[in-house]
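The values are calculated or read from the model by the stated rules, or taken from the named source; none is laboratory data. All values derive from a computational prediction rather than experimental measurement. Because the Cβ atoms are built from the backbone with ideal geometry, glycine has one as well, and the counts that use them run over all protein chains shown.
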Amino acid sequence: SPEQRMVVVLKDVEGWTHEEIADEAGITVTAAKVRLHRARSKLRTMLWDEEGR
């Protein structure tokens, strides 16, 4: 989702803190962490499936 993409880019590419991401997205820090975890899990699954493993 666009929300998941945003948190991955902000955290892993831009180096933002969870607090900064939460402020930008208008969500709690906990929600930002959950969103990031789910996004990374989804990305990992997509990459894993793409490699045929």
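Across the stretch 1-24, the number of residues qualifying as of a type in the set (D, E, K, R) and over 15 Å from R38 (Cβ atoms) comes to 5.
Only one of the numbered conditions (1) at pLDDT below 95; (2) at positive phi is violated by R44, and that is (2).
Take the residues of the stretch 13-42 that are surrounded by 13 or more Cβ atoms within 10 Å (Cβ to Cβ) and without any contact (Cβ under 8 Å) to a residue 12 or more places away in the chain: which is nearest to the chain's Cα centre (by Cα)?
In the first step, residues of the stretch 13-42 are kept if they are surrounded by 13 or more Cβ atoms within 10 Å (Cβ to Cβ); the result is 16, 18, 20-25, 27, 29, 31-36, 38-40, 42.
When the remaining residues are screened for being without any contact (Cβ under 8 Å) to a residue 12 or more places away in the chain, the result is 16, 20, 22-23, 27, 29, 31, 34.
Values: W16: 11, E20: 13, A22: 11, D23: 15, I27: 13, V29: 12, A31: 11, V34: 8 Å.
Filtering first and then ranking leaves V34.
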